[in-house]
């Protein structure tokens, strides 16, 4: 689609963006939490394309002046003016392509924080150990991005593995960056528990869910069973004297959420309700868009060894993402959070598919 065809839409977006800016700056709206959050979220979703469009308009306005300057110049000055004109034209072309991508249908959840759930699947203790390594990988990645993280729930095994973990990752665009991490992660290596030296294949499932806000899902307290118990570490050791851990059971869906942050019972209640709200929001999204692939069921599959989005092969020192056929030969680095290379290519592949869909192209 030529950008000229989208000018009318871009002008409408810019007008709507300015209206939202005015609303957000209105003191009356700031006292209305729901409407303020709705307006702020809508404004943030438009910001990138509006700012890029304004930049595009400035460049387009400069081109005629540069062309006139070329016509009035001669000698070395003409060469300089011509080079300046060519740079402007290249910048215009680049901005047109960026705007085309920004105008693609956008996931409304892209700017949200995320809840990440990691569970071992096939492979016994080895899968639990690898689940712990994936937990650290995402925590280190978030640290690289300067995002805030919190372990909401963690069940450890006696040898350093993880039976189940739920992470909260807060950062601008966290879901847009991490949503393609959902799925079955496969590891191939000789387990520390293997005495014969044989390579074993194990799997871990990862679900990445956009964090729901209060305006998305309203909890009915009459539908929630709340249990308070003592948090404990692996093997039931170091039981706290004060019961702070929270277990919520949502009666209509059967969803069970636990949170055992050791700081306070109140904080656990708040965090547990955030996770419950997020899982209910996922169900709501599934009902609205059954074909969307970002939901937990399509992400985690059955956890069988034959299913995978990515393989971490220790003997060969490589990590391969099977969706984009891209390999990095740095297993330690990847597990230390160096996964941006995968993420950027997955986002790019998704954008290409969307562009093909809008232009009617095929492979």
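Every number in this text was worked out from the coordinates using simple rules, so none of it is lab data. Quick caveat: nothing in here was measured; it's all calculated off a predicted structure. Note: ideal-geometry Cβ built from the backbone for every residue, glycine included; neighbour counts use all protein chains shown.
Table for the structure above
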{"quantity": "In degrees, nearest ten, helix 265-288 long axis to first principal axis of the chain (Cα)", "calculated": "60 degrees"}
{"quantity": "Packing-based exposure ordering (other Cβ within 10 Å, fewest first) of 285, 72", "calculated": "72, 285"}
{"quantity": "Among [x] 334; [y] 148; [z] 197, the entry derived from the coordinates for volume of the Cα convex hull per residue in Å³", "calculated": "[z]"}
{"quantity": "Exposure proxy order (Cβ contacts within 10 Å, fewest to most) of 310, 92", "calculated": "92, 310"}
{"quantity": "Debye equation applied to the C-alpha atoms of the range 3-102, log10 I(q)/I(0) at 0.10, 0.16, 0.17 Å⁻¹", "calculated": "-0.42, -0.75, -0.80"}
{"quantity": "Estimated distance in nm for a label pair at residue 226 and residue 349, the labels positioned 7 Å out from Cα along Cα-to-Cβ", "calculated": "4.4 nm"}
{"quantity": "Residues listed by number, the range 37-77, amide nitrogen under 18 Å from residue 25 label point at 7 Å toward C-beta", "calculated": "37, 39-48, 50-51, 54"}
